[in-house]
Amino acid sequence: MRVLVTGHRGFTGRYLLAELQAHGHEPVGLTSNLLDETALAAEIAACRPEAVVHLAAVAFVAHGNANDFYRTNLIGTRNLLAALAAANAPLTAVLLVSSGNVYGNTTANPITETTSPNPTNDYAVSKLAMEQMARLWQPHLPILIARPFNTTGVGQPTHYLIPKLVAHFQMRAPEIELGNLDVWRDYSDVRAVVAAYRRLIEHPAVGATVNICSGTTHSVREILALLERLTGHTLTVRTNPALIRANEVTHLCGSNALLKELIGPWRTPPLEETLAWMLQHPLHTQL
């Protein structure tokens, strides 16, 4: 298929392009700004994609300008859907990538797709608003929604937690400043995540919303211990109150049962394996 990929220059986007090419598809990276409606419409009309994976987003939760989340994640997505509908392209799947962050602080364990969203920050609110807005386009487009939980791997920017930790161990730094160490997250390897995206557009369950997650969690303390074991290096952790987020989601563990039901057997490598892969590559390694 000719697959239009937004956000193709980003961390996950680069892996998705390689994944699609490796399985015989023709990925096309969107070059237009999602907020430029005229250029966006012209590019999509010329491309006439058969499938779309919409990755482009402001995704760093601690991003300084809250309005950017809504401009890109909500309005930008609406512009994309409007352009796709107007182009009358031969679409079989439009995969919108949301986030497991929409669930917020919930007592559900594990979190299934029927768990009520409870977003606690502007990023998560913007993603949930995007999902709701997309419902308006479902009569016109073959939309399905993915809710990936935390994704990591080689090439992820070091302002994200795991690449920051890996970098400090690679440099054998004597100490590191962190926020809350008792935060538990469900991590998946980026290589497994893009494989799930590919399989979702190859056999689309139009109208579905599906978690992409490992089903297991690790705290920051556990990740530090894993890295110590892998490297033989120990560093001093200093707590910086400025790095503790307001309304921090303390525990996020998803169920991937529906994903496996839709695409068949799927697994992400254990986090220790992903960390070992990241440690083998120089800092700032890109594909």
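The values are calculated or read from the model by the stated rules, or taken from the named source; none is laboratory data. Model, not experiment: these values are computed from the prediction. Every residue, glycine among them, receives a Cβ derived from its backbone with ideal geometry; neighbour counts consider all protein chains shown. For accessibility, only protein heavy atoms count, side chains too; no ligands or nucleic acids. Shrake-Rupley method; radii C 1.70, N 1.55, O 1.52, S 1.80 Å.
Observations, loosely collected:
- Distance from the stretch 121-141 to the stretch 7-23 (C-alpha centre basis), Å: 23
- Close amide H partners of ILE111, meaning residues 5 or more places away or on another chain with modelled amide H under 5 Å apart, are CYS253, GLY254, SER255.
- Taking all protein chains together, LYS260, LYS164 sort by accessible area into LYS260, LYS164, largest first [probe 1.4 Å].
- Between the residues ASN79, VAL53, TYR103, the greatest Cα displacement towards the positive end of the dipole of the chain, with unit charges on the Cβ of Lys, Arg, Asp and Glu, is found for VAL53.
- For ARG2, distant residues with modelled amide H under 5 Å away: GLU26, GLU50, ALA51
- Which of MET130, MET1 is most accessible, then next, and so on - probe 1.4 Å: MET1, MET130
- When the chymotrypsin sites (Phe, Trp or Tyr not before Pro) in the stretch 7-71 are filtered for DSSP coil states and for at most 13 other beta-carbon atoms within 10 Å of their beta-carbon, the remaining sites are PHE60.
- A simple count of charges around ASP36, restricted to other residues whose Cβ falls under 14 Å of its Cβ and scoring Lys, Arg +1 and Asp, Glu -1, yields 0.
- Each residue of the stretch 67-81 was assigned a 3J(HN,Hα) from its phi angle through the Karplus curve 6.51 cos²θ - 1.76 cosθ + 1.60 (θ = phi - 60°); the sequence is 4, 4, 4, 6, 4, 7, 6, 9, 5, x, 5, 4, 4, 4, 5 Hz, with glycine and proline shown as x.
- Simple point charges give the picture: +1 on the Cβ of Lys and Arg, -1 on the Cβ of Asp and Glu, and for the stretch 100-238 a dipole about the Cα centre of about 220 debye.
- Per residue of the chain, the DSSP helices (runs of n ≥ 4 H) give a summed -39500 (n - 2.57) that works out to -10500 deg cm²/dmol at 222 nm.
- Nonlocal amide H pairs with THR209, under 5 Å, H built at 1.01 Å: ILE145
- Highest mobility in the GNM of the chain, judged by mean-square fluctuation with C-alpha springs under 10 Å and restricted to THR107, THR216, THR268, is found for THR107.
- Per residue, the chain exposes 43 Å² of solvent-accessible protein surface, assessed with a 1.4 angstrom probe and all protein chains in place.
- The stretch 233-287 and the stretch 58-116 have Cα centres lying 20 Å from one another.
- Largest to smallest in accessible area, the residues HIS140, HIS8, HIS23 fall in the order HIS140, HIS23, HIS8 (1.4 Å probe, all protein chains included).
- Maximal additional length on extending the ALA208-GLU273 stretch stands at 20.3 nm, based on 0.36 nm per residue less the C-alpha distance.
- A Gaussian network model of the chain, with springs between Cα atoms under 10 Å, assigns the largest mean-square fluctuation among ALA173, ALA205, ALA82 to ALA173.
- The chain, accessible surface, carbon-and-sulfur percent (1.4 angstrom probe): 51
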